[in-house]
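Working notes, beginning with the structure itself.
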Amino acid sequence: MIEGYAVLPHVPLKPGIPCITPNGLRPLVHVHDTATRVMTDFRQITPVIVEPRSKITSALDKMKEKGVRLLLVTGRDDHIIGIITATDIQNESPIRLAQESGILYGDIRVEMIMTPLEEVGAIDMRSVSDACVGHIVNTLRSLERHHALVVEVDRKTGQQAIRGLFSTTHISKLLGQDITDPEYAAHSFAEVHRELG
């Protein structure tokens, strides 16, 4: 104890109390808001990347450190060659791979379990610009994915560039409801269709 400082009285907590947030307990976005409100825009936020030869344990540590659940995997010239998610690392796939290949779990590299870019769902930025949050929720649910990349296409050259991403975790936080919860889906689909007309 530090001399001269009194111990403050403590208050017993009651179950089910709310937490004060900057916006109260109201959701920060609604399904009818513009989709860009829930997009992680790489023009404003630097994406977190990982090299394909990095170990998955290092990739998971990086996710925890940066507070993300997805890393972009970079190849030569820093071009994106795939993605890896926390689910990829924490599900049974790496354990099965270790058993089948005879390598140690700690030696599994990102490139061994990442999703190659050509297998990743992507949404054109032009579609996103005209969409609402509800469109994104329904799109992620129909793709049965927790993430979708947003791609920007140069109209003259056809060149693609990754502009951002959508994440069910991020959208759920902003909506104040878990959009992956089947109970939410049941009433949210009706709400989305009603609100979007």
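The values are calculated or read from the model by the stated rules, or taken from the named source; none is laboratory data. Just so it is clear, the structure is predicted and the values come from calculations on it, not from any experiment. Quick reminder, even Gly has a Cβ in these numbers, built from the backbone with ideal geometry, and neighbours come from all protein chains shown.
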message: Pairs needed: first member in the stretch 5-28, modelled with pLDDT under 75; second member anywhere, surrounded by 10 or more Cβ atoms within 10 Å (Cβ to Cβ); C-beta distance under 6 Å; at least 6 residues apart or different chains.
response: Pro27/Leu175; Pro27/Gly176
message: What pairs come out if I take residues in the stretch 123-150 that are under 22 Å from Pro47 (Cα atoms) and basic (Lys, Arg) and pair them with residues that are modelled with pLDDT under 95 and in a strand (DSSP E or B) whose C-beta lies under 9 Å away, six or more apart or interchain?
response: Arg126/Glu152; Arg126/Val153
- prompt: Does at least one position in the stretch 142-153 carry a residue that is at pLDDT 90 or above, touching a Leu at 6+ places or on another chain (Cβ under 8 Å), assigned to a helix (DSSP H, G or I) and β-branched (Val, Ile, Thr)?
  reply: no
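Every residue, every condition in (1) closer than 30 Å to Gln159 by Cβ; (2) modelled with pLDDT of 95 or more, yes or no:
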position	(1), (2)
Asp78	yes, no
Ile84	yes, yes
Ile95	no, no
Ser101	no, no
Gly106	no, no
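Condition check ((1) within 20 Å of the chain's Cα centre (by Cα); (2) in a helix (DSSP H, G or I); (3) not charged (D, E, K, R)) across all residues:
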{"position": "Asp77", "(1), (2), (3)": "no, yes, no"}
{"position": "Ile81", "(1), (2), (3)": "yes, no, yes"}
{"position": "Asp88", "(1), (2), (3)": "yes, yes, no"}
{"position": "Pro94", "(1), (2), (3)": "no, yes, yes"}
{"position": "Leu97", "(1), (2), (3)": "no, yes, yes"}
{"position": "Glu100", "(1), (2), (3)": "no, yes, no"}
{"position": "Met112", "(1), (2), (3)": "no, yes, yes"}
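Tell me yes or no: at least one residue of the stretch 124-135 is buried (at least 16 other Cβ atoms within 10 Å of the Cβ), within 15 Å of the chain's Cα centre (by Cα) and more than 17 Å from Leu72 (Cα to Cα).
yes
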field: Single unsatisfied condition, Asp61 versus (1) farther than 30 Å from Ala131 by Cβ; (2) out of contact with any strand residue (DSSP E or B) (no Cβ under 6 Å at 6 or more places or on another chain); (3) assigned to a loop (DSSP other than H, G, I, E, B)
entry: (3)
task: Taking Glu152 as the residue in question, decide whether it is closer than 18 Å to Phe166 by Cα and surrounded by fewer than 16 Cβ atoms within 10 Å (Cβ to Cβ).
output: no
- prompt: Any residue in the stretch 172-193 that is among the aliphatic types (A, V, I, L, M), assigned to a helix (DSSP H, G or I), in contact with a helix residue (DSSP H, G or I) (Cβ under 8 Å, 6 or more places away or on another chain) and modelled with pLDDT of 55 or more?
  reply: yes
